[in-house]
Structures are given as structure tokens and as C-alpha cells.
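Pasting a structure here, questions to come.
The values are calculated or read from the model by the stated rules, or taken from the named source; none is laboratory data. Computed from a predicted structure; not experimentally measured. Quick reminder, even Gly has a Cβ in these numbers, built from the backbone with ideal geometry, and neighbours come from all protein chains shown. Each accessible area value is taken on the protein alone, full model and side chains, heavy atoms only, with ligands, DNA and RNA left out. Shrake-Rupley method; radii C 1.70, N 1.55, O 1.52, S 1.80 Å.
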Amino acid sequence: MSKTKSGKIFQYIFVIILLVYGFMTLYPVCHVIMYSISDPKKAMGGGLFFLPKGLSFESFRLLFQTKEVFIAYRNTIFVTVVGTCINMIMTAGLAYPLSIRRFIGRNFISLAIYFTMLFSGGMIPLYLLVESLGLIDSIWALILPGTISAWNMFIMRNYFQGLPCELEESASLDGASPMVILFRIILPISKPMLAAIALFYAVVHWNSYFNCILYINTQSKQTLQVFLRSMLTYTSMQQMATATDLDALGELTEESVKMATIVVSVIPMLIVYPFLQKYFVTGIMIGSIKG
Amino acid sequence: MNYTGNHSYKVSNTKRYKKKYNNIIRMLRKDKLLYLMAIPGIIYFILFHYVPMYGISIAFTDYSIYKPMSEASFIGLENFNKLFGTFGFNRALRNTIIISIYNLLFSFPAPIILALILNEVWNKTFKRTVQTVIYLPHFISWIVILGIFSAIFSSSTGVIKRLAEMVGYSGKVQNIMNLQSTFRAFLVGTNIWKTAGFGTILYMATLASINPELYEAAIVDGATRWQQTWHITLPGLRSTIVILLIMRAGRILNANFEQIYALYNPFVYEVSEVLETYIYKMGIGEAKFSFSTAAGVFKAIIGFILVVVTNWLAKKIDSDYGIY
């Protein structure tokens, strides 16, 4: 592009706009992190937090004194790891056969699955179904209803369809079973797509909160986001059963502990994200390829 | 014997069907494992997507916590009539449409504008850094967002008070998350915060696919930046934008439940209770199963019609469109 004078002015304008937008994106996160490691008394006044106001890890200490946070963490990790594994196996298990041209009923089944993306029974019938399956208050209620995302399944299917059909045909003629073909030939080639889809599922599991609110009643089975939510919406500290010095500090530390809980809930994502960013981007690209 | 003339080699119908049936059986047997592989997935969709569709029938009964399934009787469209006269439902419908329109007006263009600006930046490192930064909120849950912005806008410990002091305002500062006049703007704002950055990916990919020779030729012809943008960049984005816009419009009844449920509070129910939150409140909160399912059915059917029409429109514009 030619670097004319007016071009340069526009560059400055664009850079400034992007800097402002980037700042507005990052500052809220920074605010919370800095608040959480600030001295609770000094932080109470509010204001801008580019750096902590007096360093203090008191809020984290108080947070980790409760056992609920560890239980919630454990539950979320379980749901994310086990859930994503089940997601991937089931999604690929359906996507691969549907990608084979000679699969009878392929079009009908694909259409029926596509239909579920357009129309659904709604929240209440699904709730009643989960209830009748005896899954209320079970951690499986957080995994099973969302086992296969039709959207992700179609992305996988389209990707498999895009692979040269000679791969499958020649292996099949050589007498290989579909399982073998899938695991030895198709999946190894599809690694970038599989990584992206797995990450999509994992992020959804990590961040989901509503299904836990809906289906789970006992506190010991709560996930991290729901735990965070209960910390944010109830101002009474009676939640924190184990710590006794909380009552003395009262309101001062309440806000700081809330900040600490937020940080604890979002840190894994913040840490993991820069490394996995490129997989997400390729995932979107793959998903947006037409046909 | 020799057959001559117009003898047509017609096999009788029953023979033809029998042959087809045998062929199918043979193919099924050959690829047995392939079909077996697909069965769990199919069972999943039948169980968790089609069975609940059948549950829609309870919208036509008076099933609720007061009348268990065994006692519930068929009452036809009574639930629906009641629904359309209910204050809560009409408010929810109104809010749903208003919030969706706000999102169409503001949240929809945001990633496009960002992508256009990003596309113009010369410094590649700066561009990549900005992209890494703006994709981040997509990975943050709405509950964390609740926490973050509650802290920012808190009237006592937040940022607004300090900013107001800096410009000389010393009156009381209110939390915009609790005000009816600002809450919808807050919803749209946080929606942009979370989704606009990541949303640029799709548009950047489209922009990258515009033939650079077009730009080169335009420059040779003496086109200014504006002319280049108007005649090359925007038309290149046009079909993507139109298709996505149409699809968004089709989902107008789906105003972002996870966001609203996480962020709203009793102070702002009046302006932000939407269909889905209303359904949750009636159905799970008050156990009025059949009544809320009726609302759900309304939403699903209208939504279905809208989505089918918009998908059909989208296909007309770009016949390659469609994940199916």
C-alpha cells in the first residue's frame, strides 16, 4: 500500500482506535486481578487499578481456606475432561460414517440432525426428560444432554468428506474395518480439525453454568462457574463455613475475596489461551468453509 | 429364441423392489461396522432432541406441579390463549425483540468495523498482538463477566466514581447494571466486549480472500483509499455480511439467554426479561410446566419459520451457503 500522507494520518487514527479498544478489552480483567492482590482496606476506595494498591494475598488465603472452591474446581475439571472425551468420540463416531458416500440413509439422517438445529422441544421438555432419566443431581446431567453438537458434527463430517476418497476406498478394499480406517488413517490426518473441535467443546464445558443451576441441587456437585456465581450474588459470608476470622473483617474482605474467586475461575483460561489461540482460529476457518 | 423389434425389457414391479431390497441388505451387511458406528450418535439425537419434541404435547394439557401427569387433561389451546393475555409473556416478547434489534444494530456491525480497521494496519506485529488481545473475552464465561463488570461499575468500589471525581462530578454515582435506563445498553456493550473480537476472524478470512490484483489494478488507475474500500473491499464482504445478517435476523427470538440470565437482577427485570428467561421462571421456578412449554412452543415455531425463511433467503444470495 502506498504510504501517502493521508494514508499515514489514517494509520495513526486506526492504531489509536485499536489501542483504545484493546485497552477496554484488557483493563476490566486487569482491574479484577490487581484488586484481588491488593490490600483489602486500600482497595475499598475503588478507582483505577493498573497496579495493586498495597500487595496482599489475604483474599486468596481466605478463599483457599474453604473446601467448596476445591470441590467446585474438581467437578469442573471432571466435566471438562470426561465430557470432552465423550464429545469427541461420539461426534467423530457419527461424523465419519455420515461422510461416507455409500452410507445408506445418509441424506435422511443428516437432514434429521440439521432439523434439530432449527427446532427444539425447549427447556421444559428437556428438563422433564432428564428428570425421568434419573439424572437430576447427577454430574452426568452436565455431560450427556450435550454429547454431540450438531454444528461441530457437521464441521467434522464436512472435513472428512473433503479428504480424498481414495484413502477410504483403497483401505476398505484391502479389508480394513471402518474402525481401523478411522483410527489409523483418517484421524491422524485430521489432527488440526480435531484439536479445534476438542477445544470448542472444552471451552463450553469450562464456562457453562446454567445447566448446573438447572440440574444440580447439592452443593458438593457444583461446578466452578456456579460456585463463583453464588459468591458474587450472595453478600453474606456465611457461605465460607470454615474460616472464622472472616466475621471480624467483614465487608472489607468480602469484595476482595469475590475478586480472588473471579481470578481463580478465569486464570486457567487466561494461561492456556495464548498457546491454543491458533487452533481456535483454524477451527473457525474450517467451520466457515462452505459446502 | 431371438427377441426382435420393440420388446421392452420390463421386469415386473415386485421383482424390482425385491432386487433393491436384497441389494440394500447386501450393502448393509458389507458395511455392518460402519452402520454400527453411527448408531450411538443416532440414539443420542433421538433421545435428547426428538423425544423432547414429543414433550411439546404437554403444552396442550394442564400439567403442572398442582396436577401431575396422571391427572392432567387435554385443554387444547387454552394455555396459548392465556399466554397471550399474560403481562409477563408480553413483556418478555417485547424485551426479546427490542434487545435483539439493539444487538443487530450494534453488536452485529462491531466485528465488521474492527476487521476493516485491522485489515488496514501496516504493522504486522501490532496487528497480531491486537488480535490476540481482542479474541480473549470470547473465552471468558458470562459469570466471570458478571463479576468483572460488577466490580468495574460498582458504586462504591468501582471505576466510575473515581472517573467522575476526576472530571469534577461529586454527586452520587449509580451502578448502571441496576438501572432500567442503562441496562439494555449494558447488555449490548458486554455482548460486544465478549463477541466482537473473536467475530473478526470470519471477516478477516473473507477480506484475505479478496484478490490482491484488484487492489493493484485500482492503485494503477489512481484510486484513493476510499475508492478502494468502496469499490473493492466492501463488495468483497457483501455476501458474507448479508448472509450472516439474515441468519441473525432469523434468530431474533433467541436474545442470548446465558448472558441475560447471568447479568440481570430484579431491578431490571422490566427491561430485560426475555422469552427464554420467562420460560425458565414459569417452568422451573413456578413449576407451571404446561404453561411455560406453551411459551416455548410459540418461540420454537415462530423461530423455526423465521430461520427457515432466512436460510432460504441466504441460499438465494449465495448458493454455496449452508453447512448442511
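Just to confirm my filter: which helices (runs of 4 or more DSSP H) fall fully inside segment A:146-242 and include at least 3 residues that are more than 26 Å from B:Phe149 (Cα to Cα) and of a type outside the set (Val, Ile, Thr)? Before you say what the answer is, go through the steps one by one.
On the way: elements: A:150-162, A:165-173, A:191-207, A:210-215, A:224-233.
So the answer is A:150-162, A:165-173, A:191-207.
Can you tell me which condition B:Arg16 does not meet? The list is (1) at pLDDT 95 or above; (2) over 28 Å from A:Gly93 (Cα atoms), and all the others hold.
Failed condition: (1).
Just checking, how many residues over segment A:91-109 are crowded, with 19+ Cβ neighbours inside 10 Å and assigned to a helix (DSSP H, G or I)?
So the answer is 9.
Still on this structure: Looking only at segment B:76-92, filter to residues that are out of contact with any helix residue (DSSP H, G or I) (no Cβ under 6 Å at 6 or more places or on another chain) and over 21 Å from B:Thr61 (Cβ atoms); which one of those is least open to solvent (accessible area, probe 1.4 Å)?
Selected residue: B:Arg91.
Now for a different question. What are the residues in segment A:35-75 that are among the aromatic types (Phe, Trp, Tyr) and assigned to a loop (DSSP other than H, G, I, E, B), if any? Before the answer, list the steps.
Taking segment A:35-75 first, the residues among the aromatic types (Phe, Trp, Tyr) are A:35, A:49-50, A:57, A:60, A:64, A:70, A:73.
Residues satisfying the conditions are A:Phe49, A:Phe50, A:Phe57.
Now a separate question. Please list, ordered by first then second residue, the pairs with beta carbon atoms under 7 Å, 6 or more apart or interchain, first in segment B:286-309 and farther than 12 Å from B:Leu275 by Cβ and facing chain A (nearest Cβ under 7 Å), second basic (Lys, Arg) and surrounded by fewer than 23 Cβ atoms within 10 Å (Cβ to Cβ).
If the second residue must be basic (Lys, Arg) and surrounded by fewer than 23 Cβ atoms within 10 Å (Cβ to Cβ), the pairs left are B:Val307/B:Arg251.
Given the options B:Ile43, B:Ile65, name the one that is modelled with pLDDT of 95 or more and more than 7 Å from chain A (Cβ to nearest Cβ). Don't jump to the end; show me each part of the working.
Numbers: B:Ile65 fails: modelled with pLDDT of 95 or more.
Step by step, each of B:Ile43, B:Ile65 is checked, and only B:Ile43 is modelled with pLDDT of 95 or more and more than 7 Å from chain A (Cβ to nearest Cβ).
Okay, next question. Within segment A:118-138, track down each residue that is open to solvent by 30 Å² or more (accessible area, probe 1.4 Å) and more than 11 Å from chain B (Cβ to nearest Cβ).
Of everything in segment A:118-138, those that are open to solvent by 30 Å² or more (accessible area, probe 1.4 Å) and more than 11 Å from chain B (Cβ to nearest Cβ) turn out to be A:Gly134, A:Ile136, A:Asp137.
Scan B:Tyr50, B:Tyr63, B:Tyr44 and give me the residue that is in a loop (DSSP other than H, G, I, E, B) and surrounded by 12 or more Cβ atoms within 10 Å (Cβ to Cβ). Walk me through it before giving the result.
Numbers: B:Tyr50 fails: in a loop (DSSP other than H, G, I, E, B); B:Tyr44 fails: in a loop (DSSP other than H, G, I, E, B).
Result: B:Tyr63 is the single residue among B:Tyr50, B:Tyr63, B:Tyr44 that is in a loop (DSSP other than H, G, I, E, B) and surrounded by 12 or more Cβ atoms within 10 Å (Cβ to Cβ).
Can you go through B:Ala218, B:Ala205 and tell me which one is farther than 30 Å from B:Asn311 by Cβ, assigned to a helix (DSSP H, G or I) and open to solvent by less than 40 Å² (accessible area, probe 1.4 Å)? Before the answer, list the steps.
Values: B:Ala205 fails: farther than 30 Å from B:Asn311 by Cβ.
Step by step, each of B:Ala218, B:Ala205 is checked, and only B:Ala218 is farther than 30 Å from B:Asn311 by Cβ, assigned to a helix (DSSP H, G or I) and open to solvent by less than 40 Å² (accessible area, probe 1.4 Å).
When you check B:Leu237 against the structure, is it in a helix (DSSP H, G or I) and free of Cβ contacts under 8 Å to residues at least 60 places away in the same chain, yes or no?
On the way: in a helix (DSSP H, G or I): yes; free of Cβ contacts under 8 Å to residues at least 60 places away in the same chain: no.
It is false that B:Leu237 is in a helix (DSSP H, G or I) and free of Cβ contacts under 8 Å to residues at least 60 places away in the same chain.
Could you please find all residues in segment A:8-48 being over 30 Å from B:Trp226 (Cα atoms) and more than 8 Å from every other protein chain (Cβ to nearest Cβ)? Walk me through how you get there before you give the answer.
The first filter runs over segment A:8-48 and keeps only residues over 30 Å from B:Trp226 (Cα atoms), leaving A:26-48.
Correct list: A:Tyr27, A:Cys30, A:Ile33, A:Met34, A:Ser36, A:Ile37, A:Ser38, A:Asp39, A:Pro40, A:Lys41, A:Lys42.
Tell me the residue from A:Met231, A:Met237 that is modelled with pLDDT under 90, touching a Ser or Thr at 6+ places or on another chain (Cβ under 6 Å), within 28 Å of A:Phe57 (Cα to Cα) and among the hydrophobic types (A, V, I, L, M, F, W, C), please.
On the way: A:Met237 fails: touching a Ser or Thr at 6+ places or on another chain (Cβ under 6 Å).
Sole residue among the options that is modelled with pLDDT under 90, touching a Ser or Thr at 6+ places or on another chain (Cβ under 6 Å), within 28 Å of A:Phe57 (Cα to Cα) and among the hydrophobic types (A, V, I, L, M, F, W, C): A:Met231.
Answer yes or no as to whether B:Tyr102 is part of a helix (DSSP H, G or I), open to solvent by 70 Å² or more (accessible area, probe 1.4 Å) and more than 7 Å from every other protein chain (Cβ to nearest Cβ). If you could, list the steps in order and put the result at the bottom.
On the way: part of a helix (DSSP H, G or I): yes; open to solvent by 70 Å² or more (accessible area, probe 1.4 Å): yes; more than 7 Å from every other protein chain (Cβ to nearest Cβ): yes.
So B:Tyr102 fits the description; yes.
Here is a further query. Kindly indicate whether A:Ile37 is among the hydrophobic types (A, V, I, L, M, F, W, C) and over 28 Å from B:Lys127 (Cβ atoms).
On the way: among the hydrophobic types (A, V, I, L, M, F, W, C): yes; over 28 Å from B:Lys127 (Cβ atoms): yes.
Spelling it out, A:Ile37 is indeed among the hydrophobic types (A, V, I, L, M, F, W, C) and over 28 Å from B:Lys127 (Cβ atoms).
Let me ask something else about it. How many residues are under 16 Å from B:Ile97 (Cβ atoms) and either open to solvent by 30 Å² or more (accessible area, probe 1.4 Å) or more than 15 Å from the chain's Cα centre (by Cα) (or both) when one looks only at segment B:221-256? Walk me through how you get there before you give the answer.
Taking segment B:221-256 and keeping what is under 16 Å from B:Ile97 (Cβ atoms), we get B:248-256.
Keeping just the survivors that are either open to solvent by 30 Å² or more (accessible area, probe 1.4 Å) or more than 15 Å from the chain's Cα centre (by Cα) (or both) gives B:248-249, B:251-252, B:254, B:256.
Here the count works out to 6.
Right, another one. Quick one: which of B:Ala110, B:Ala151, B:Ala164 is farther than 22 Å from A:Leu276 by Cβ and either at the interface with another protein chain (Cβ under 7 Å from one of its Cβ atoms) or not in a helix (DSSP H, G or I) (or both)?
Details: B:Ala110 fails: either at the interface with another protein chain (Cβ under 7 Å from one of its Cβ atoms) or not in a helix (DSSP H, G or I) (or both); B:Ala164 fails: either at the interface with another protein chain (Cβ under 7 Å from one of its Cβ atoms) or not in a helix (DSSP H, G or I) (or both).
Unique residue meeting the criteria: B:Ala151.
I've got another one for you. Which one of the conditions (1) in contact with a helix residue (DSSP H, G or I) (Cβ under 7 Å, 6 or more places away or on another chain); (2) surrounded by 17 or more Cβ atoms within 10 Å (Cβ to Cβ); (3) more than 27 Å from A:Leu187 (Cβ to Cβ); (4) among the β-branched types (Val, Ile, Thr) does A:Thr66 fail to meet, given that it meets all the rest?
For A:Thr66, the failing item is (1).
Here is a follow-up. Name, by its number, the condition in (1) open to solvent by 30 Å² or more (accessible area, probe 1.4 Å); (2) in contact with a helix residue (DSSP H, G or I) (Cβ under 8 Å, 6 or more places away or on another chain); (3) assigned to a helix (DSSP H, G or I) that does not hold for B:Ile301.
(2)
Quick one: in segment B:275-318, of everything that is under 20 Å from the mean Cα position of the chain (by Cα) and among the polar types (S, T, N, Q), which residue is modelled with the highest pLDDT?
Looking at the filtered set, the residue picked out is B:Thr277.
Does segment B:124-143 include one or more residues that are assigned to a loop (DSSP other than H, G, I, E, B), out of contact with any Cys (no Cβ under 6 Å at 6 or more places or on another chain), open to solvent by 10 Å² or more (accessible area, probe 1.4 Å) and within 14 Å of chain A (Cβ to nearest Cβ)?
Just the residues of segment B:124-143 that are assigned to a loop (DSSP other than H, G, I, E, B), to begin with: B:140-141.
Going one step further and asking which of them are out of contact with any Cys (no Cβ under 6 Å at 6 or more places or on another chain), we end up with B:140-141.
Filter once more, keeping what is open to solvent by 10 Å² or more (accessible area, probe 1.4 Å): none.
No: zero hits.
I'd like to know if segment B:173-182 contains one or more residues that are open to solvent by 10 Å² or more (accessible area, probe 1.4 Å), under 24 Å from B:Arg238 (Cα atoms), touching a residue at least 60 places away in the same chain (Cβ under 8 Å) and more than 7 Å from every other protein chain (Cβ to nearest Cβ).
No: zero hits.
Look at segment A:34-54 and say how many of its residues are open to solvent by 10 Å² or more (accessible area, probe 1.4 Å) and modelled with pLDDT under 85. Please lay out each step first, then the result.
Kept after step one, since they are open to solvent by 10 Å² or more (accessible area, probe 1.4 Å), are these residues of segment A:34-54: A:34, A:37, A:39-42, A:44-45, A:48, A:50-54.
Checking the rest, the ones that are also modelled with pLDDT under 85 come to A:39-42, A:44-45, A:48, A:50-54.
Summing the residues that are open to solvent by 10 Å² or more (accessible area, probe 1.4 Å) and modelled with pLDDT under 85 in segment A:34-54 gives 12.
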